[in-house]
Each structure stands twice: as C-alpha cells, then as structure tokens.
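A quick write-up on the structure given underneath.
The values are calculated or read from the model by the stated rules, or taken from the named source; none is laboratory data. As the structure is a prediction and not an experimental result, all values here were calculated from the model. Cβ sites come from the backbone with ideal geometry, for glycine too, and all protein chains shown count toward neighbours. Only protein heavy atoms, including side chains, enter the accessible area calculation; ligands, DNA and RNA are left aside. Shrake-Rupley method; radii C 1.70, N 1.55, O 1.52, S 1.80 Å.
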Amino acid sequence: MTHKMPNNLDYKSYNWSMKVTAAITAVQGYVPDYILTNAELEKMVETSNEWIIARTGIKERRILQGVGKGTSDMAVEAVNALLKKRGITAEELDMIIVATVTPDMMFPSTACVIADKIGAHKCWGYDVSAACSGFLFSLQNAAAYIQSGMAKKVLVVGADKMSSIVDYKDRNTCVIFGDGCGCVLLEPNEEGMGIQDAILHIDGSGRHYLNQKAGGSQYPATEQTVVHREHYIYQEGKTVFKFAVKSMADVSAEIMERNHLTSETVQWLVPHQANLRIIDATRERVGLSEDRVMINIQKYGNTTNGTIPLCLWEWESKLKKGDNLILAAFGGGFTWGALYLKWAY
Ligand SMILES: CC(C)(COP(=O)(O)OP(=O)(O)OC[C@H]1O[C@@H](n2cnc3c(N)ncnc32)[C@H](O)[C@@H]1OP(=O)(O)O)[C@@H](O)C(=O)NCCC(=O)NCCS
C-alpha cells in the first residue's frame with residue numbers, strides 16, 4: 001500500500017537507509033522602519049537612557065506602524081525575500097511553521113495567513129506558542145518532518161509584533177521589547193550538516209511571572225480586563241532574570257558537553273536577545289569570547305521569536321560551511337532550550 005503524505009510525497013520513495021539531516025539553506029530577516037529610541041521612551045515613562053543601557057544593553061528597537069498591520073505583514077516581507085534568494089516559489093513549500101506570541105488573530109493561525117499572502121497553496125502548517133523559545137521549538141519540529149521524509153521544504157518563521165501587547169505606561173517592560181521577524185528554510189541534507197541535537201524544556205509553574213493574562217479562555221476580554229491593563233505583558237523582571245541566567249547557561253553547557261564540543265570547537269553562540277547581562281552570563285558559562293557571540297540587542301531589543309533568526313540573518317555572510325552553532329533561548333512558560341547545528345553553506 002502506498003502511504004500518501006499530506007504534501008503528497010510518497011513515503012515509499014524515501015530512502016530509509018540514508019541518514020538525512022535538516023539543514024538551513026536560506027535565512028532572511030525584516031525589521032520595520034520606525035525606530036523607537038531610549039530618548040523617546042524617556043518622554044513616555046520614568047526612565048533614562050543610561051539606566052536602560054546599563055540594565056539591558058538596549059539602545060533602540062523597531063516598531064511596526066500602521067492600522068491593520070500585524071505580525072504576518074513583517075513575515076511576508078522576510079519570506080518573499082527569502083524565496084527570491086533561494087530561487088524557489090511559494091508553491092514549492094511543503095510546510096510553514098510560525099513561532100509567535102502575537103499572532104494576527106487568535107485564530108486562524110498566522111501560518112494560514114502567511115501562506116495565503118505569499119501564495120503558498122500546496123503547503124500546510126501551524127503556529128507554535130512557546131514564547132521566546134518558539135523559534136527553537138519550531139526548528140526541532142521542522143527537523144522531525146524532514147528527517148522522517150514527510151517534508152522537503154519547511155519554512156520556519158519567528159515573528160512578533162511585541163508593540164501590540166506592550167504597555168507603554170509600564171517601564172518594567174516597555175523598554176525591553178521590539179518588533180521584528182526572521183525566517184529560515186530547512187531542507188534535507190546528506191552531508192551531515194544542519195540540526196544535530198536539541199534539548200528543550202517547559203515548566204508551567206513559571207506562568208505566574210511572565211504572561212499576558214487576559215484575552216484567552218480563562219479571562220476573556222471584558223471592560224474590566226481592559227481597565228486593569230491585563231491584555232498587556234505582565235513580568236516579574238527579577239524572577240525571570242534569575243531563571244533566564246541559570247536555564248540558558250545550563251542548557252547551553254549541557255548540549256555542548258553531550259556533543260563533545262568545547263569553546264574551541266564552537267564557532268558561534270546564538271543566544272535569545274532578552275538582556276545583554278543574560279547573554280554575557282551564558283557566554284561566560286560556555287567559555288566563548290565576545291567576538292563569537294551574535295549580539296544585536298542594542299538595535300532591536302527583545303523581538304521574542306524574531307531574535308535568533310534575525311541574528312543568523314545579520315551574521316550570514318560571516319558563517320562558513322561546517323561551523324558549529326549553539327542556539328539558546330528561554331521565555332515565558334517557562335520554556336527554554338538549546339540546539340546544536342552545523343551551518344550548511
Ligand atoms: C526587567 C529588568 C531589565 C530589570 O532590571 P533589574 O536590574 O532586575 O532591575 P530591578 O527589577 O531590580 O529594579 C531595580 C530598580 O529599577 C527600577 N526600574 C525598573 N525598570 C526601570 C526603568 N525602565 N527605568 C528606570 N528604573 C527602572 C525598579 O522599579 C527598581 O526600583 P526600586 O529599587 O525603587 O524598586 C531585568 O530584571 C530583566 O531583564 N529581567 C528579565 C526580563 C526578560 O528577559 N524578559 C523576557 C523574557 S524572554
């Protein structure tokens with residue numbers, strides 16, 4: 001019997017004896033034009049440029065402006081540029097996985113919206129909700145489909161319009177977040193490049209310290225939820241900070257150890273960009289020098305699911321085939337993890 005896969009790939013045509021890995025074959029990013037500076041934030045809340053830089057490392061962030069513009073609009077810009085770069089059409093995509101905490105709507109998924117807007121009529125897909133770890137979780141998802149032979153071209157998008165859920169009266173959060181999007185294409189690789197290993201975790205007891213309380217099924221939107229500003233991000237900064245420093249550093253060290261990697265054999269650490277002090281703690285733990293850590297938090301702040309693919313995009317020209325990369329993230333949930341990949345081109 002022939003098993004027809006969702007994307008009409010023939011299960012039997014897959015060569016099971018050959019070890020196939022899932023490799024990134026293209027990367028692209030998009031950030032909106034509007035720059036929200038620390039100086040501008042000083043006029044909105046009681047804060048200072050010096051405090052923000054000293055405590056977070058952030059100098060400015062991008063904001064998507066325009067009525068009716070959502071996360072998918074940033075993704076479409078990035079994805080169309082990626083398809084052009086790779087020389088393929090949207091029709092060739094088997095799947096779209098979108099990591100986001102700011103979907104255009106609660107449903108349908110932003111994957112559906114993006115597929116429609118770019119004309120990807122032959123694929124299927126879904127959104128992944130894992131806060132700032134969503135891009136890593138999505139990469140692992142994509143790898144599983146490719147390694148099993150169920151898909152050959154999987155687009156993974158990490159995108160968030162954080163300005164849509166940030167309270168610009170709350171200095172604890174508004175200085176941190178920004179809008180942005182990055183995306184990668186994953187394809188089968190027979191040279192052993194691409195995703196090698198991942199360690200991913202969730203711990204829901206952390207939900208009390210970083211969340212968007214209202215708008216879901218537990219607290220649907222009411223006048224009261226709006227008055228109490230419960231549709232915005234709530235964060236207990238110190239608790240999240242402590243958790244982040246330990247979890248991201250520990251999991252990065254663990255994945256290196258388990259793959260017999262050292263600071264000499266890892267070329268790049270690609271950390272989630274939440275706070276420069278958290279990034280530094282992870283870098284120190286794994287023993288890498290500053291010039292081998294991708295950092296662009298000063299320009300974009302924390303774009304949640306956008307941070308890691310935006311780093312890969314900005315560093316693409318410096319990456320060499322066979323480079324060992326450790327991607328690491330943590331986020332609300334709590335969620336956290338690290339992923340080891342060999343750059344494929
Ligand atoms: C939010 C964060 C930057 C605050 O930095 P911090 O050094 O922990 O600061 P604290 O929370 O201890 O606050 C110190 C003081 O600064 C104040 N403060 C907080 N935000 C401020 C701001 N934007 N400007 C000026 N002062 C501020 C606090 O109110 C506090 O004042 P107090 O001592 O009078 O109470 C930091 O905790 C952090 O980055 N946490 C992790 C957040 C994160 O990564 N979130 C995303 C997860 S993916």
Looking only at aspartates and glutamates whose Cα falls under 14 Å of K169's and that sit 8 or more positions away or on another chain, we get E40, E42, E46, E230
Mean Cβ-within-10 Å packing, highest first, puts peptides 75-88, 156-169 in the order 156-169, 75-88
Taking 279-289, 322-332, 53-63 and ranking on average Cβ neighbours within 10 Å, highest first, one gets 322-332, 53-63, 279-289
For the chain, the charge dipole (Cβ of Lys, Arg +1; Cβ of Asp, Glu -1; about the Cα centre) points to a positive end, and the Cα of S164, N324, P188 closest to that extreme belongs to P188
Counting only backbone N atoms under 20 Å from a point 7 Å out along Cα-to-Cβ of E284, the residues of segment 220-242 in range are 238-242
In whole angstrom, the spacing between the Cα centers of segment 281-345 and segment 178-234 equals 18
So the pair-distance distribution of segment 242-291, from every Cα-Cα distance in 5 Å bins, comes to percents of 4, 22, 36, 24, 11, 3
So, with points 7 Å from each Cα along the Cβ direction, the M106-D170 label distance in nm works out to 1.9
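On full extension of the chain, what length is gained from R277 through K321, given 0.36 nm per residue of separation minus the C-alpha to C-alpha distance? Intermediate results must be reported in sequence, preceding the final value.
Working: separation 44, 0.36 × 44 = 15.84 nm, distance 3.00 nm.
Gain in length upon complete extension: 12.8 nm.
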Expressed as a percent, the accessible surface of the chain that is carbon or sulfur, using a 1.4 Å probe and the full set of protein chains, is 52
Filtering GluC sites (Glu not before Pro) in segment 184-230 by DSSP loop and by at most 15 other Cβ atoms within 10 Å leaves E190, E191
Between the modelled labels at E190 and A54 (7 Å from Cα along Cα→Cβ) the distance in nm is 5.9
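For a protection proxy built on the mean count of beta-carbon atoms within 10 angstrom, sort 304-312, 174-182 highest first, please.
Answer by packing, highest mean first, reads 304-312, 174-182.
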Filtered hits (lysines, Cα-Cα < 18 Å from K320, offset >= 8 within chain) -> K85, K342
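In the structure shown, do any of K59/K117; K84/K299; K117/K153 have a Cα-Cα gap over 30 Å, and if so which?
Working: K59/K117 33 Å; K84/K299 26 Å; K117/K153 18 Å.
Among K59/K117; K84/K299; K117/K153, the Cα-Cα distance tops 30 Å for K59/K117.
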